[in-house]
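Some notes on the structure that comes next.
The values are calculated or read from the model by the stated rules, or taken from the named source; none is laboratory data. A quick note: this is a predicted structure, and the numbers were derived from the prediction, not measured. So basically every Cβ, Gly included, is an ideal-geometry build from the backbone, and we count neighbours across all protein chains shown.
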Amino acid sequence: MIFKEMTDNQRRVFIDTIQLHESFVSAFNRNLSYRGGMHWKKSKGREYLFRSRDRSGYGKSLGPRAPQTEKILTEYQQSKQRGKERLSALKDRLKEQSRFCKAALIQRVPRIVSGILRLLDQKNILGRNVIVIGTNAIYAYEAFAGVFFDISTMATKDMDILWDIRPKLTLVAENDMDNDGLLGIIRKADRSFEPISPGGFRAVNHDGYMVDLIKSAPKQSFRKEIVRMGGPGDMEAVEIRNLQWLISSPKFSQVVIGEDGYPAPIVVPEPRTFALHKLWLSEQADREPVKKQRDLDQGLAVAQLIIQYLPQYQFNTSELRMFPKDVVQRAKERISDIDLTVGID
């Protein structure tokens with residue numbers, strides 16, 4: 001595997017885009033604090049300042065009309081307006097920056113993937129309830145290292161979303177809770193997404209791109225766990241063994257650039273976990289042969305990326321305790337065939 005390193009100009013554009021994205025996210029989250037509104041509300045012949053929190057009118061009274069509450073309302077309105085103006089300005093800057101990203105050829109992530117990532121982040125579940133695994137995770141590793149993988153390593157027509165059911169699921173939405181769950185979220189990115197079968201784990205759009213919802217199989221086979229984020233029409237997660245290795249792994253957060261030139265956050269398992277899991281998959285007897293070879297290629301490619309560019313992620317057994325010792329040892333034997341063996345204890 002030979003990696004193509006970013007040029008000085010590509011690094012500059014990429015760093016500028018990340019910084020702009022951070023400013024936009026900060027402004028976006030600040031604007032969320034102004035959801036609802038503030039207005040005068042009459043009750044028993046008196047006016048009270050009321051702070052509503054959503055469209056349903058839920059909120060609380062801030063006290064009767066007086067100079068103090070009038071000042072609160074004025075400051076609220078002014079701050080809300082400044083927030084809107086700042087967010088609008090940052091949107092314009094992101095639009096301009098997207099053109100620089102395209103000109104610098106750093107727009108790597110498929111448009112549909114980056115769109116879904118932004119929505120998962122806005123719903124406050126990316127990195128908390130779900131992470132991205134599979135081929136799309138490699139975009140995070142290459143962006144962090146400042147290199148590009150060969151396009152054949154990245155080609156895929158599906159997105160694997162791993163659901164960690166341990167944290168309580170609270171979707172941030174205009175109507176408090178999206179009853180449509182994950183299916184409703186991905187349909188905001190592309191309205192053509194439909195489940196392949198009712199209650200299935202996979203949805204596909206009109207271009208044939210698939211999104212899979214998966215979860216780790218419970219240690220006790222008789223144990224019943226939740227399988228849907230939303231209501232009865234939502235996708236149902238399929239249970240796959242040994243995904244607890246990925247769930248237990250430290251999370252790896254990175255900003256990547258979509259094909260549209262806009263940044264998107266992505267959260268994946270840390271790179272060593274990805275490499276070890278892929279190498280383990282490549283040796284499973286029930287794995288399809290064509291997938292086994294791809295697993296091996298991707299596992300070794302990410303391992304080589306770590307050795308060459310990410311020395312802080314050494315393959316120390318003590319730091320990979322989420323894996324059985326024999327899985328770690330077997331992976332290290334295969335990784336040792338790579339010419340650069342620095343970082344393997």
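What are the residues in region 4-28 that are among the hydrophobic types (A, V, I, L, M, F, W, C) and either surrounded by fewer than 17 Cβ atoms within 10 Å (Cβ to Cβ) or under 30 Å from ASN124 (Cα atoms) (or both), if any?
VAL13, PHE14, ILE15, ILE18, LEU20, PHE24, VAL25, ALA27, PHE28
Name, by its number, the condition in (1) without any contact (Cβ under 8 Å) to a residue 24 or more places away in the chain; (2) in the same structural domain as ASP164 (by TED's automatic domain parsing); (3) of a type outside the set (Val, Ile, Thr); (4) within 28 Å of PHE148 (Cβ to Cβ) that does not hold for PRO218.
The one condition PRO218 does not meet is (4).
Identify all residues within region 117-157 that are out of contact with any strand residue (DSSP E or B) (no Cβ under 6 Å at 6 or more places or on another chain) and among the β-branched types (Val, Ile, Thr); write none if there are none.
ILE125, THR135, ILE138, ILE151, THR153, THR156
Each row is one residue, and each column tells you yes or no for (1) closer than 18 Å to GLY134 by Cα; (2) among the acidic types (Asp, Glu); (3) modelled with pLDDT of 95 or more; (4) assigned to a helix (DSSP H, G or I).
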residue	(1), (2), (3), (4)
VAL290	yes, no, no, yes
GLN293	yes, no, no, yes
ASP297	yes, yes, no, yes
VAL302	yes, no, yes, yes
GLN308	no, no, no, yes
PRO311	no, no, no, no
ARG321	no, no, no, no
GLN329	no, no, no, yes
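Any residue in region 203-213 that is free of Cβ contacts under 8 Å to residues at least 40 places away in the same chain, among the small types (Gly, Ala, Ser) and not assigned by TED's automatic domain parsing to the domain that holds LYS157?
Looking through region 203-213, none of the residues is free of Cβ contacts under 8 Å to residues at least 40 places away in the same chain, among the small types (Gly, Ala, Ser) and not assigned by TED's automatic domain parsing to the domain that holds LYS157.
From the set of residues in region 185-218 that are assigned to a strand (DSSP E or B) and among the acidic types (Asp, Glu), which is surrounded by the most Cβ atoms within 10 Å (Cβ to Cβ)?
Applying the filter and picking the extreme gives ASP212.
Being out of contact with any Asp or Glu (no Cβ under 6 Å at 6 or more places or on another chain) and modelled with pLDDT of 90 or more is the filter here; which residues of region 38-51 pass it?
Matches in region 38-51: MET38, HIS39, LYS41, LYS42, ARG46, GLU47, TYR48, LEU49, PHE50, ARG51.
If you take the residues in region 47-83 that are basic (Lys, Arg) and surrounded by 13 or more Cβ atoms within 10 Å (Cβ to Cβ), which one is farthest from THR17 (Cα to Cα)?
This residue is ARG65.
Only one residue in ASP160, ASP178, ASP212 is modelled with pLDDT of 95 or more and in contact with a Gly (Cβ under 7 Å, 6 or more places away or on another chain), so which one is that?
ASP160
Give the residue that is farthest from THR273 (Cα to Cα), with candidates limited to residues of region 119-164 that are within 12 Å of the chain's Cα centre (by Cα) and basic (Lys, Arg).
LYS123
Would you check if ARG108 is of a type in the set (Lys, Arg), over 17 Å from TRP163 (Cβ atoms), touching a Phe, Trp or Tyr at 6+ places or on another chain (Cβ under 9 Å) and crowded, with 19+ Cβ neighbours inside 10 Å?
Considered against the rule, which asks whether it is of a type in the set (Lys, Arg), over 17 Å from TRP163 (Cβ atoms), touching a Phe, Trp or Tyr at 6+ places or on another chain (Cβ under 9 Å) and crowded, with 19+ Cβ neighbours inside 10 Å, ARG108 comes out as yes.
For region 235-267, which positions are in contact with a Cys (Cβ under 6 Å, 6 or more places away or on another chain) and assigned to a loop (DSSP other than H, G, I, E, B)?
Answer for region 235-267, where residues must be in contact with a Cys (Cβ under 6 Å, 6 or more places away or on another chain) and assigned to a loop (DSSP other than H, G, I, E, B): just GLY261.
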